[in-house]
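What follows is a short report on a single structure.
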Amino acid sequence: MRIRFTTIAAIAVTVSSLLFATVATADAPLKVGIIWTFSDSDPGTQAFDAGIAAYMKMHGDTVAGRKIELIRRDDGGLNPDLAKRHAQELIVQDQVDAIAGFVWTANAIAAGTVALAAKKPEFVSNATALGYLEKFPNMTRYSFTTYELGQAMGRYAAAHGMKTAYSIYSNLQSGVDASNGFAETFTAGGGKMLGTDAMPLGSKQFTSYLQRIKDAKPDALWLWMPAPLGAQPFLQAYHSLELDKAGIKLLATGDLVEENSLKSEGDQAIGVISAYPYSAAHNSAINREFVRTIRSIAPNIEPNVIAAEGYDTMNAIYAAALAQKGAFDYDKTMAALKGLKWESPRGPVELNPATRDIIQNVYIRRTEKLNGKLQNTEIETVPMAPTR
């Protein structure tokens with residue numbers, strides 16, 4: 001009998017402890033550590049925080065009875081050691097339920113080693129390189145890869161009568177991926193690549209590259225260049241050397257004509273054809289609300305793809321918490337995220353249950369001026385393209 005009473009007492013204590021833990025979880029804030037390059041003064045990068053704020057303004061700052069608490073850490077740029085240290089502090093000291101963010105792939109991976117060991121979900125908002133999610137079963141991603149953008153544009157160019165192309169890119173891995181993706185589908189569609197050049201980072205001298213391209217006489221120039229790396233002088237040189245008048249169409253990823261850079265680029269951006277998973281001009285009710293909300297929160301920031309990444313990251317966190325009625329168990333969170341579907345400002349999206357990467361539309365856009373303002377108008381859609 002003594003053993004039986006001891007067992008009953010032990011069970012009672014265990015049940016009591018579980019009930020207390022459940023109440024404590026329900027009352028406790030849901031803590032999310034955000035590791036991002038907050039010190040980057042570029043409005044395009046700062047749009048991420050505005051996207052998070054827009055989601056919380058549109059959907060509330062509480063989910064399943066738990067207040068959302070965001071704990072922000074600045075990684076200062078490409079700095080995996082600092083990102084790893086931030087992840088350790090967030091998990092051990094701040095006891096976050098999850099970590100999120102990451103501009104840079106190396107930072108996401110460094111933090112991911114810590115998060116995986118601690119069995120914490122990592123919501124990768126950007127970090128667009130190929131091939132690393134398969135090594136981190138705790139990760140889901142909400143961005144894109146430049147490889148898939150290149151593939152979309154390569155198909156578009158081949159289908160629209162462009163027979164020859166020349167690719168050029170800022171010398172980072174994303175540029176290599178964009179160039180390879182384009183060449184793969186363009187040549188598969190019957191096109192011919194006439195050359196490829198990698199430009200040194202930081203260089204603002206593009207004349208020699210563009211003259212070589214003009215001499216090669218391709219139908220199209222395929223470019224990967226984030227706007228802060230020199231979009232304005234590149235576009236100026238493109239027009240000064242009259243590549244447009246020579247009939248060489250300028251094709252690019254949306255990085256070139258990101259919404260926060262269009263004002264400085266001016267009318268020389270008109271006519272650029274770009275591939276991207278988002279445009280502020282996307283025609284949907286949820287995007288119009290998103291754009292209005294962003295502008296009410298941060299009037300100096302234009303809604304862009306990074307803002308949409310912030311929105312979608314928070315949507316996934318809320319969805320995982322709702323599926324568990326406020327809890328945030330690691331295994332149940334990862335199970336809830338696989339195959340998750342929702343309507344984003346960018347359009348319909350879902351998480352691939354096999355890869356935990358996003359499936360989304362890729363839009364072919366043309367930069368135009370409408371009512372005195374430049375915008376990226378969607379002209380074709382590649383529906384629900386899996387990120388790779």
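Every number here is computed from the coordinates shown, using simple stated rules; none is lab data. All values derive from a computational prediction rather than experimental measurement. All Cβ positions, glycine included, derive from the backbone under ideal geometry; neighbour counts span all protein chains shown.
Below, the figures for the structure above:
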item: Relative exposure of Trp222, Trp342, Trp104, judged by other C-beta atoms within 10 Å (fewest first); result: Trp342, Trp104, Trp222
item: Rounded to 5, percent antiparallel among DSSP beta bridges of the chain; result: 40
item: Length released on extending from Asn371 to Val92, taking residue separation times 0.36 nm less the Cα-Cα span; result: 95.2 nm
item: For Ile109, Ile34, Ile379, Ile306, order by how many other beta-carbon atoms lie within 10 Å, fewest first; result: Ile379, Ile109, Ile34, Ile306
item: Helix 305-323 axis, angle to the chain major axis (alpha carbon atoms, nearest 10°); result: 20
item: Antiparallel %, DSSP beta bridges [both residues in the stretch 239-388], to 5; result: 90
item: Net length gained if the chain between Glu380 and Glu289 were fully extended (0.36 nm per residue, minus Cα distance); result: 30.5 nm
item: Chain lengthening between Gln236 and Tyr132 when straightened (0.36 nm per residue, less Cα-Cα); result: 33.8 nm
item: For the chain, alpha-carbon Rg over 2.2 N^0.38 Å; result: 1.10
item: Fewest-first ranking of Ser274, Ser203, using other Cβ atoms within 10 Å as the exposure measure; result: Ser203, Ser274
item: Simple Cβ-charge dipole of the chain, Lys/Arg +1 and Asp/Glu -1, about Cα centre, in debye nearest 20; result: 680
item: Ile270-Ser296 FRET efficiency (beta carbon distance; Förster radius 22 Å; 0.05 resolution); result: 0.15
item: Within the chain, helix-based [θ] at 222 nm, where runs of 4 or more DSSP H residues each add -39,500 (n - 2.57), nearest 500; result: -13500 deg cm²/dmol
